[in-house]
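*Asks:* Before I ask anything, here is the structure I am working with.
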Amino acid sequence: MVYLVGLLSIIFLALAALVVSRMAAVVRNVNGPVEEGRIGMSNRINGALFMVFFVLAMIGFVLSFMSAKQYFLPEAGSIHGRRTDTLFWISMAIVTAAFVVTNALLFFFAYKYQYREGKRASYYPENHKLELIWTVIPAVVMAVMVFTGWRAWRDIMSEAPQDAQVIEIVGKQFNWITRYPGVDDNKLGAYNYKLTDSNNEVGVDFSDEASFDDFVNSQGELHIPVGKPVLLKIRARDVLHSVFIPHLRVKMDAVPGMPTRFWFVADKTTEEMRNVTGNPDFNYELACTEVCGRGHFSMRAKIVVEDEASWKKWCSEQKPLLTTYPEYASRIPANLKAKAAKYLPTETAAPSDSTTASTQEGGASSASVSLR
Amino acid sequence: MATVDTSLVHDAHTHEHDHHEPQSFWRTYVFSEDHKTIAKQYLITGILWAVIGIGMSIIFRLQLGFPKMSMAWLKPILGEWINESNQLDPNFYLALVTMHGTIMVFFVLTAGLSGTFSNFLIPLQVGARDMASGFLNMLSYWFFFVAGVIMFSSLLIETGPAGGGWVVYPPLSALPQANPGSGLGMTLWLVSMALFIVSQLLGGINYITTVINLRTRGMTFSKLPLTIWAFFLTAVLGLISFPVLLSAALLLIFDRSFGTSFYLSEIYINGEALPNVGGSPILFQHLFWFLGHPEVYIVMLPALGITSEIIATNSRKPIFGYRAMIASMLGIAFLAFIVWAHHMFVTGMNPFLGSIFMFLTLIIAVPSAVKAFNYITTLWRGNIRFTPAMLFSIGLVSFFISGGVTGLILGNSALDIQLHDTYFVVAHFHLVMGASSAFGLLAGVYHWFPKMFGRMMNEKLGYIHFWLSFAGIYCVFFPMHYTGIAGFPRRYYAFTSYEWTKTIFTDLNAFISIAAIVSFGAQFLFLFNFFYSLFRGRKATQNPWKSNTLEWTTPIEPGHGNWPGEIPAVYRWPYDYSKPGAADDFIPQTVPYSQTPESNLPHENELIAFEKEIEEAENLNDQFRQPH
């Protein structure tokens, strides 16, 4: 790094010296002899510089590409991710070829056909055949690229399989909150944004019996079973956010008032990824990619991909929201109170003041564990 | 040849019009209705905004390249925005990113580019005395000026300028409690943009009317220089799409100030559930990108038009495929309206819509590719003179290709999933629309400086300016593809929060920042050259580039009405360069075929019969011939 900066500053200083001398010349010669229509040395230098630039740029391109390659498209941990990666590299090869060839022609022609005394340019205003060829060929190539891309897109965006594990993820300034459908009914309960408060962060509606066993992780930690379709139901609480899981090739905006979703199959556990990447500290991470304010750059959530058994075990260790905050029992309609009872501490006459609730936390959790 | 012929025409009519009284200083230089003065006003204002806009990017590049650097030296300018630990405030970082985008896209590359060259070149190249309405034209500039003053004032307020990205997506931009930049700064942004849109519409109506109604005798649409085609289509695009942005902005103003719910629904923020339900943030995105995508071409087409003219002139060759170029521009202009949602593949929009927009986006790539091929073929077997304008035009084509090819990847919705809102996008659009249209602007200034100010810019300084900028810009944006493919999201204040970004590419980011500083520094050469040549540059000659178009038949410093006598008639297309048989390697548009029997093509000999008709026709809309 230091050498790089040093090298650049030397180049810059040299250029600065050149510029200063040139400016001095400008100031001196400004009213000097007019070189009307004379095309001389500068033209040849500029022509040659196009070739020099092209060669240097290509060398720079190849070298920088080789050194940066190791970080490109970090190891994909999802099935659709590897498919889009392949498509990406095929498309990249095609466009890189087009990029190199057209730039090469541009620079080479600039060099080759620079001004020569007495030469005359050829009057060549059109050639319909040529124009037809280079309209049709790119059109066909692009059509193939887009068609393969479209098939991938259609599959990725298709309806999630029936057995997909549903997990809700909610973005807020500036962290993520996840909600799991619970181990008993595996169904996410209803929500209503007006029910949101500092404990019920995603506005779970306890008048829906499916919500009784839902548990919430307010750090947004996402636990995912490996090899099983996972359907993320994505919401935002305040402003736009965007779920981005780089290693799983997942991205979908979180929109207030309009739930979105994305389903995928993660087929490498965190453990396996640690082996594949050779990085013992590897973690899947979730980032925000829609600007959302001051903390946008640090909306990190950790993701754990694990085998189904340990995932189930982890789920069973989590406490339903209702158990953590039994005061919400007051929102449960009378006809469902009985069904909710097993998630609540024994004296269901839920005390609404929170100090009691927190002292009862320990007991409640052991109760719910023993119930399973 | 050209000068001889036109002066003959002039001589016959010099008796006209010396009755214009000199106008006051204010009416000549400030509230001027002369298109040339207005063009210069746009140019100077655009240059000032460019310095501010690029300067902002340097500040946030310092943050990204050298995150640990002490910014204490910026305290005298930025004050509180540099926090106690001498770091840039994250909110101010977002404000800088937002303002950089807004300023560069709207104030520099829309107003600075179209405003300057449409105003300057349309009357001169179609053969008109001035714009159709000088008064509207003046209003257009002053609306832009006021918009600029308001935008600038938002930099000075305590809560700072708008900070939600140049796309100002609600709800972030609608809720002052979400972001300090969404308070007064956002209000000023919206007011400024509303005035800016008014300015663009006034200008656009004028450009369109002038091109349609004020062409001189013989100047049919099939003889228009490609610059004029480009400006004309740009104005049409602006006229159709800017009102949609205005409506988006108005609805946002309603949401912010009058409690409506166009874009707001089910929001809980700062411990409070807002009453708004039923709105959709996606609606705003549709409205925004309905302008936003044509805006890309509003920025790009004038630059391509300017390039067509400069490349043909300096290759001494006709532009290859004149009709294909026009057809491509028409195609691009039409398709520009039906690809907007490719900015929205992962916003939760219906995936089926995504498929449709992916196919439409593919189609727009074809005319763009054709244009690139045509430029390259124009160079082929030319006799190229590397004026600074020519260098910048070739650079533009290179950027247009290099940035354009990645559009095929981003336009593919399946690949866009990973790359959306990463640095890959930043690299793509900065090359294809930012750098290339900036190069179009610079090429245009170098090329038409003699016509604007009657003096020449220094060529050698121009060369250095070009090579530093060209290499510098590639060094800035090419590596961004790498960080983008690695998944680095854009608009991030720092990359330290994630395990997968915090250890890699720190030196690459430093490299990008250094390259950005060098490229920015190079622009001061241009500024020096520009202002120095303005007063002390070598005097221009009548037709310094030996060009065919009409503007070089005016006096070296054209006065009010552009041509002292009759407006010249036009007999041929503007690209008769190096025609076999002709004595010179250029034949201006004003030379009739009857005078060039040695170089006429068979079908052109047939046109001689119609020349008398053109000669005798009258310019019905010549303002000098009407009582006023």
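FYI, it's all coordinate maths here, none of it is from the lab. Bear in mind the structure is a predicted one, so any value in this text is a computation, not a measurement. As a convention, Cβ positions derive from the backbone with ideal geometry for all residues, glycine included, and neighbour counts pool all protein chains shown.
*Asks:* For the stretch A:178-224, which GluC sites (Glu not before Pro) are both in a DSSP coil and crowded by at most 16 other Cβ atoms within 10 Å?
*Replies:* Working: sites: A:Glu201, A:Glu209, A:Glu221; in loops: A:Glu201, A:Glu221.
For GluC sites (Glu not before Pro) across the stretch A:178-224 that sit outside H, G, I, E and B with at most 16 neighbouring Cβ atoms in 10 Å, the list reads A:Glu221.
*Asks:* Of B:Leu94, B:Thr554, B:Thr483, which is farthest on the positive side of the dipole of chain B, counting Cα position, with +1 on Lys and Arg Cβ, -1 on Asp and Glu Cβ, and the Cα centre as origin?
*Replies:* The Cα lying farthest towards the positive end belongs to B:Thr483.
*Asks:* A:Glu168: net charge of surrounding residues, Cβ under 9 Å, Lys/Arg +1, Asp/Glu -1, itself excluded? Let's see the in-between values first.
*Replies:* Values: positive: A:Arg179, A:Lys233, A:Arg235; negative: A:Asp214.
Net of charged neighbours comes to +2.
*Asks:* Please report the antiparallel percentage of DSSP beta bridges with both residues in the stretch A:165-346, rounded to the nearest 5. Present the calculation step by step, with values, prior to reporting the outcome.
*Replies:* Values: 26 of 37 bridges.
If I count the DSSP bridges inside the stretch A:165-346, around 70 percent turn out antiparallel.
*Asks:* What Kirkwood radius, in Å to one decimal, follows from the Cα pairs of the stretch B:96-237? It would help to have the intermediate numbers written out before the result.
*Replies:* On the way: mean 1/r = 0.0616 Å⁻¹.
Evaluated on the stretch B:96-237, it is 16.2 Å.
*Asks:* If you don't mind, there's one more thing I want to ask. Sort B:476-489, B:294-307 by the packing proxy (mean of other Cβ within 10 Å over each peptide's residues), most packed first.
*Replies:* B:294-307, B:476-489
*Asks:* Sticking with this structure for a sec: Applying the Karplus parametrisation 6.51 cos²θ - 1.76 cosθ + 1.60 with θ = phi - 60° to the phi angles of the stretch B:508-518, what ³J(HN,Hα) value in whole Hz is obtained for each residue in order, glycine and proline being reported as x?
*Replies:* Here the 3J(HN,Hα) series is 5, 5, 5, 4, 4, 5, 5, 4, 5, 5, 4 Hz.
*Asks:* Something else now. Using only Cα atoms, figure out Rg for chain B and give it as a multiple of 2.2 N^0.38 Å.
*Replies:* Values: Rg = 25.2 Å, N = 628, 2.2 N^0.38 = 25.4 Å.
Ratio of Cα Rg to 2.2 N^0.38 Å: 0.99.
*Asks:* Okay, next question. What is the diffusion coefficient of the protein assembly as shown in µm²/s, taking the Kirkwood radius over Cα pairs and the Stokes-Einstein relation at 37 °C with a viscosity of 0.692 mPa s?
*Replies:* Working: Rh = 30.6 Å.
Stokes-Einstein gives a translational diffusion coefficient of 107 µm²/s.
*Asks:* Which listed residue (B:Pro161, B:Ile394, B:Val432) has the Cα farthest towards the positive end of the charge dipole for the protein assembly as shown, taking +1 on Lys and Arg C-beta and -1 on Asp and Glu C-beta about the Cα centre?
*Replies:* B:Ile394
*Asks:* Note the per residue figure in Å³ for the convex hull of the C-alpha positions in the stretch B:367-439.
*Replies:* Numbers: hull volume 5.5 nm³, N = 73.
Hull volume normalised by residue count: 75 Å³.
*Asks:* OK, next. Binning at 5 angstrom from zero up to the longest distance, how are the C-alpha pair distances of the stretch A:163-223 distributed in percent?
*Replies:* Reading the bins upward from 0: 4, 19, 30, 28, 14, 4, 1.
*Asks:* For the cross-link pairs A:Lys172/A:Lys339; B:Lys68/B:Lys502; A:Lys228/A:Lys302; A:Lys112/B:Lys371, which exceed 23 Å when the distance is taken from alpha carbon to alpha carbon?
*Replies:* Values: A:Lys172/A:Lys339 31 Å; B:Lys68/B:Lys502 13 Å; A:Lys228/A:Lys302 19 Å; A:Lys112/B:Lys371 21 Å.
Pairs exceeding 23 Å: A:Lys172/A:Lys339.
*Asks:* Could you work out the relative contact order of chain B, using alpha carbon pairs under 8 angstrom and six or more residues apart, expressed as a whole percent? Present the calculation step by step, with values, prior to reporting the outcome.
*Replies:* Working: 1040 pairs, mean separation 109.4, N = 628.
Here the relative contact order equals 17 percent.
*Asks:* Sticking with this structure for a sec: List every residue whose amide H lies under 5 Å from the amide H of A:His223, counting only residues 5 or more places away in sequence or on a different chain, with H placed 1.01 Å from N in the peptide plane.
*Replies:* The answer is A:Val304.
*Asks:* Related question: Run the numbers on the stretch A:165-346 and let me know its relative contact order in percent, using alpha-carbon pairs under 8 Å that are six or more apart.
*Replies:* Numbers: 413 pairs, mean separation 44.0, N = 182.
It rounds to 24 percent for the stretch A:165-346.
*Asks:* In the neighborhood of B:Ile608, defined by Cβ-to-Cβ distances under 14 Å, what is the net charge if each Lys or Arg adds +1 and each Asp or Glu adds -1?
*Replies:* For residues surrounding B:Ile608, the net value is -4.
*Asks:* Counting only other chains, what is the mean number of Cβ atoms within 10 angstrom of the Cβ of each residue in peptide A:90-98? Walk me through the numbers before you get to the answer.
*Replies:* Numbers: counts 0, 7, 7, 0, 3, 8, 2, 1, 6.
If you average over the peptide's residues, the count of other-chain Cβ atoms is 4.
*Asks:* Applying the Karplus parametrisation 6.51 cos²θ - 1.76 cosθ + 1.60 with θ = phi - 60° to the phi angles of the stretch B:555-572, what ³J(HN,Hα) value in whole Hz is obtained for each residue in order, glycine and proline being reported as x?
*Replies:* For the stretch B:555-572, the Karplus-derived couplings read x, 3, 10, x, x, 4, x, 6, 10, x, x, 5, 6, x, 8, 10, 10, 9 Hz, x marking Gly and Pro.
*Asks:* Could I ask something else about it? What whole-number value in cubic angstrom gives the convex hull volume per residue for the C-alpha atoms of the stretch B:180-337?
*Replies:* Working: hull volume 21.1 nm³, N = 158.
So the per-residue Cα hull volume is 133 Å³.
*Asks:* How large is ³J(HN,Hα), in whole Hz, for each residue of the stretch A:51-56 in order, when computed from phi with the Karplus curve 6.51 cos²θ - 1.76 cosθ + 1.60 and θ = phi - 60°, using x for Gly and Pro?
*Replies:* 5, 4, 4, 4, 5, 4
*Asks:* Work through the residues other than A:Val276 whose Cβ is under 13 Å from its Cβ and net out their charges, Lys, Arg +1 and Asp, Glu -1.
*Replies:* Working: positive: A:Arg82, A:Lys268, A:Arg274; negative: A:Glu75, A:Asp267, A:Glu271, A:Glu272.
For residues surrounding A:Val276, the net value is -1.
*Asks:* Let me ask something else. How many percent of all Cα-Cα pairs in the stretch A:165-346 sit more than 27 Å apart?
*Replies:* Details: 4617 of 16471 pairs.
Result for the distance tail: 28 percent.
*Asks:* What is the average number of partner chain Cβ atoms found within 10 Å of a Cβ in B:357-365? Before the final figure, lay out each step's value.
*Replies:* Numbers: counts 0, 5, 4, 0, 2, 9, 4, 0, 6.
Average neighbour count from other chains, rounded to a whole number: 3.
*Asks:* If you don't mind, another one. Kindly rank A:156-162, A:45-51, A:316-322, A:254-260 from highest to lowest mean number of other beta carbons found within 10 Å of each residue. Could the numbers behind the result be given before it?
*Replies:* Numbers: A:156-162: 14.0, A:45-51: 18.3, A:316-322: 20.1, A:254-260: 23.1.
Ranking the peptides A:156-162, A:45-51, A:316-322, A:254-260 by packing returns A:254-260, A:316-322, A:45-51, A:156-162.
*Asks:* Shifting gears a bit: Expressed in nm to one decimal, what extension gain is obtained for the pair A:Leu63 and A:Ala338 from 0.36 nm per residue of sequence separation less their Cα-Cα distance? Walk me through the numbers before you get to the answer.
*Replies:* Working: separation 275, 0.36 × 275 = 99.00 nm, distance 6.89 nm.
Net length gain for the segment: 92.1 nm.
*Asks:* While we're here: Give the distance, in whole Å, between the Cα centre of the stretch B:132-171 and the Cα centre of the stretch B:238-289.
*Replies:* Here the two parts' Cα centres lie 20 Å apart.
*Asks:* Run through every distinct alpha carbon pair of the stretch A:98-251 and return the Kirkwood hydrodynamic radius in angstroms, one decimal place.
*Replies:* Working: mean 1/r = 0.0478 Å⁻¹.
Here the Kirkwood hydrodynamic radius works out to 20.9 Å.
*Asks:* Taking the Cα centre of the protein assembly as shown as origin and charging only Cβ (+1 Lys, Arg; -1 Asp, Glu), how large is the dipole, in debye to the nearest 20?
*Replies:* Values: 69 positive and 74 negative charges, 429 e Å.
The dipole magnitude comes to about 2060 debye.
*Asks:* Ranking request for peptides B:423-433, A:138-148, B:49-59: highest mean number of other beta-carbon atoms within 10 Å first, then the rest in descending order.
*Replies:* Numbers: B:423-433: 22.9, A:138-148: 16.9, B:49-59: 19.2.
Top of the packing list down: B:423-433, B:49-59, A:138-148.
*Asks:* Here is a further query. Taking every alpha carbon pair in the stretch B:535-578, what does the distance histogram look like in 5 angstrom bins from 0, in percent?
*Replies:* Calculated P(r), rounded to whole percents: 5, 19, 24, 22, 18, 8, 4, 1.
*Asks:* Would you mind giving the mean number of other chain beta-carbons within 10 Å of the Cβ of each residue in B:403-409, as a whole number? Spell out each step's value before the answer.
*Replies:* On the way: counts 1, 4, 11, 5, 1, 11, 8.
Mean number of neighbouring Cβ atoms from other chains: 6.
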